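The values are calculated or read from the model by the stated rules, or taken from the named source; none is laboratory data. Just so it is clear, the model here is predicted, and its values are computed rather than measured. Counting neighbours? That spans all protein chains shown, and the Cβs are built from the backbone with ideal geometry, glycine included.
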Amino acid sequence: MFELRGSARPVIARPDDFFEGTEMPTAGWWEALWPDPAAVIAAVGIARGMEVIDLCCGDGSFTLAIAKVARRVIAIDIDPEMLRLAGHRLSESGSRNCDLMRGNAYRLAELVPRKVDFVFMANAFHGVPDKARLARTVSGVLRRGGRFAIVNWHARPRDETVILGEPRGPKSELRLSPEQTIASVEVDGLKLVRRAEIPPYHYAVMFGGAAA
């Protein structure tokens, strides 16, 4: 089993620590939406030899795909149940290059007090109340030339994003266009490097620091 780590101070999760509309889905439709997580990891540019943070990792479906490529992955979430599921998934796969950490995403620099190559965040940025604050936090943990990738739902009405016969994903009003996401992140030196389509309902935007 994986050891659950955290910051030096106890993590007491309050309701407002959880980003809105980022709960994990019921079994079945997540796999239907993401049948090939490795393709998403490749699309955003995670490569061998990198140290990667999977921020708001949920149950670890992308963490496992990252672990198969990266030198090391640090999976962070505030929900202990999600981290338990992620740990089980990683243990079942035999992965040994992962750390699980419970903590608030805004306190990323405290959780990981060193620079990393890549920060990956999927299906959570739409619910972040202070997006510029999170972007600054991520910028502070990236090495020179590091990357920050966000995978987001397109800003389509929820009743148009149908999976296994039912509308899925966050509320329509929470969804962000690529342009809105880019405007929220391009602070503190972070600049858009590339964007990509992640069919059927998502896009990815990748950012680098000014010296990237």
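At a glance:
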item	result
Residues of the range 112-156 that turn out to be within 19 Å of Thr181 (Cα to Cα) and either part of a loop (DSSP other than H, G, I, E, B) or β-branched (Val, Ile, Thr) (or both), as a count	14
Residue check for Ile163: buried (at least 21 other Cβ atoms within 10 Å of the Cβ), in contact with a helix residue (DSSP H, G or I) (Cβ under 6 Å, 6 or more places away or on another chain), within 22 Å of Pro37 (Cα to Cα) and not aromatic (Phe, Trp, Tyr)	no
Contacts under 7 angstrom Cβ, first residue in the range 122-137 being within 20 Å of Gly60 (Cβ to Cβ) and surrounded by 20 or more Cβ atoms within 10 Å (Cβ to Cβ), partner among the β-branched types (Val, Ile, Thr) and at pLDDT 95 or above, 6 or more apart	Ala122/Val151; Asn123/Val151; Phe125/Ile150; Phe125/Thr181
Helices (runs of 4 or more DSSP H) contained in the range 1-110 and holding at least 2 residues of a type in the set (Gly, Ala, Ser) and either in contact with a Cys (Cβ under 8 Å, 6 or more places away or on another chain) or modelled with pLDDT of 90 or more (or both)	37-44, 61-67, 80-93
Residue list for the range 188-209, filter: of a type in the set (Gly, Ala, Ser) and outside any strand (DSSP E or B)	Gly189, Gly209
Counted residues, the range 164-212 - those being within 15 Å of Ala135 (Cα to Cα), touching a strand residue (DSSP E or B) at 6+ places or on another chain (Cβ under 8 Å) and acidic (Asp, Glu)	1
Residue within the range 106-122 that is farther than 20 Å from Met50 by Cβ, in contact with a strand residue (DSSP E or B) (Cβ under 7 Å, 6 or more places away or on another chain) and not basic (Lys, Arg) present	no
So Gly140, is it loosely packed, with under 15 Cβ neighbours inside 10 Å and either among the β-branched types (Val, Ile, Thr) or without any contact (Cβ under 8 Å) to a residue 12 or more places away in the chain (or both)	no
